[in-house]
1. Look through G126, G116, G155 and report the one residue that is of a type outside the set (S, T, N, Q) and at positive phi.
2. Surrounded by 18 or more Cβ atoms within 10 Å (Cβ to Cβ) and over 17 Å from the mean Cα position of the chain (by Cα): does that describe L82?
3. In the range 163-193, how many are of a type in the set (G, A, S) and in a loop (DSSP other than H, G, I, E, B)?
4. Could you grab me the full set of residues in the range 266-278 that are surrounded by fewer than 20 Cβ atoms within 10 Å (Cβ to Cβ) and in a loop (DSSP other than H, G, I, E, B)?
5. List the pairs whose first member sits in the range 180-191 and is within 19 Å of E90 (Cα to Cα) and assigned by TED's automatic domain parsing to the domain that holds E282, whose second member is β-branched (V, I, T) and not in a loop (DSSP other than H, G, I, E, B), and whose Cβ atoms are under 8 Å apart, counting only residues at least 6 apart or on separate chains?
6. Could you tell me whether the range 54-69 includes any residue that is loosely packed, with under 15 Cβ neighbours inside 10 Å, free of Cβ contacts under 8 Å to residues at least 60 places away in the same chain and outside any helix (DSSP H, G or I)?
7. I want to confirm something. Restricting to the range 97-143 and keeping residues that are in contact with a Phe, Trp or Tyr (Cβ under 7 Å, 6 or more places away or on another chain) and of a type in the set (A, V, I, L, M), which single residue is nearest to Y285 (Cα to Cα)?
8. What is the number of the single condition among (1) without any contact (Cβ under 8 Å) to a residue 40 or more places away in the chain; (2) in contact with a Leu (Cβ under 6 Å, 6 or more places away or on another chain); (3) in the same structural domain as F289 (by TED's automatic domain parsing) that D118 does not meet?
Amino acid sequence: MKLVTWLKNGDEAALGALTGDDDIVDLKAAATLFGMSEAPFESMLSLIRSGEGGLDAARQVMVRISEEGITDLCTPLGAAKLLAPLPVPESVRDAMAFEDHIINCIRVQGLKKLAGIDEAIEKKWGRRYTLARFINRAWYERPVYYKSNRFSVVGHDAEVPIPSYCRRFDYELELGIVIGKAGANIPAARAGEHIFGYTLFNDFSARDEQMQEMKGRLGPAKGKDFNGGNAMGPVLVTRDEIPDPSNITLAARVNGREWSRGSTADMHWSFEEIIQAVSRDETLYPGEFIGSGTCSGRQGRGCGLEMGRFLSSGDTVELVAEGIGTLRNRVI
């Protein structure tokens, strides 16, 4: 299923599921109509916490809506105001799963004038002999991540203000997962069972602030933490509807022009490996969010920093992924 959180009657956050015609079904209202008052449809988080039982109830509702031709509980997706699918996640972690992203950033920010020489070395002898890989050698030992502000999450079509202290504002093309099943010390081979679903994630970044604070050997902090900095959506797609999460094509457009393209096929660390690393002696709970990190690879570069180009007030950024849709935000 494709699940959304939307504003019903203009101000009431409601849980919905999409029909094949992209209409939003009000799951709570439908459950009341069908005498399913115990169904966990108060919010996205309540549904996630309910596990397979809650999803089965949602599927039953959708089947009856279709079979009985009920339309008065449906709202066209295009006419609805969407929030982030999970408006306030239990936590937000963002990993760095794509090798090309960190290699490109090291060259742009660290090597600078030596970047061209390092790229020539890679072309002739391979990446293993490059200075960027040497600088980055600890990254290959285990998945790494940072924690972000779970209260700065916004959804599709939300406006994202550039922080007052920022002069180099950036987007990041990412895929994200939501945990659906609690567990600690989860082996990678079983980690997929703990994923509830997938969504797009734009980790907006104040690059100049980020680079300054990370000189102190900590962070990112205000480089990532500001109002509207974590955009998610437009929908949360349940795990069963993503047949091959290791081969999803993503793209980013700015003002209608494609800036980035990538694929989860280029992830050095899979979501399963990330879950295994995060859950070492630490319990993961339903409703926690984990981002993939910037999607860069053979098809392109996943953020402006890697290309030396940044966003301006008035720009519209769209992230697109097959099977998930388009997450659109306007920078102000």
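1. Details: G116 fails: at positive phi; G155 fails: at positive phi.
After applying the criteria, what remains is G126.
2. Details: surrounded by 18 or more Cβ atoms within 10 Å (Cβ to Cβ): yes; over 17 Å from the mean Cα position of the chain (by Cα): no.
Judged against the criteria, L82 is not a match.
3. Taking the range 163-193 as the starting set, the residues that turn out to be of a type in the set (G, A, S) are 164, 176, 180, 182-184, 188-189, 191-192.
Pick out the ones that are also in a loop (DSSP other than H, G, I, E, B) and you get 164, 180, 182, 184.
So the answer is 4.
4. Of everything in the range 266-278, those that are surrounded by fewer than 20 Cβ atoms within 10 Å (Cβ to Cβ) and in a loop (DSSP other than H, G, I, E, B) turn out to be H268, S270.
5. Qualifying pairs under 8 Å: G180/I48; G180/I195; I186/I275; A191/I275.
6. Yes: the range 54-69 contains one or more residues that are loosely packed, with under 15 Cβ neighbours inside 10 Å, free of Cβ contacts under 8 Å to residues at least 60 places away in the same chain and outside any helix (DSSP H, G or I).
7. To start, the set of residues in the range 97-143 that are in contact with a Phe, Trp or Tyr (Cβ under 7 Å, 6 or more places away or on another chain) comprises 97, 102, 121, 143.
Then drop every residue that is not of a type in the set (A, V, I, L, M), which leaves 97, 102, 121.
On the way: A97: 21, I102: 29, I121: 44 Å.
My answer is A97.
8. (3)
The values are calculated or read from the model by the stated rules, or taken from the named source; none is laboratory data. Just so you know, these numbers come straight off a predicted model, no measurement behind them. Glycine gets a Cβ as well: all are built from the backbone with ideal geometry, and neighbour counts include every protein chain shown.
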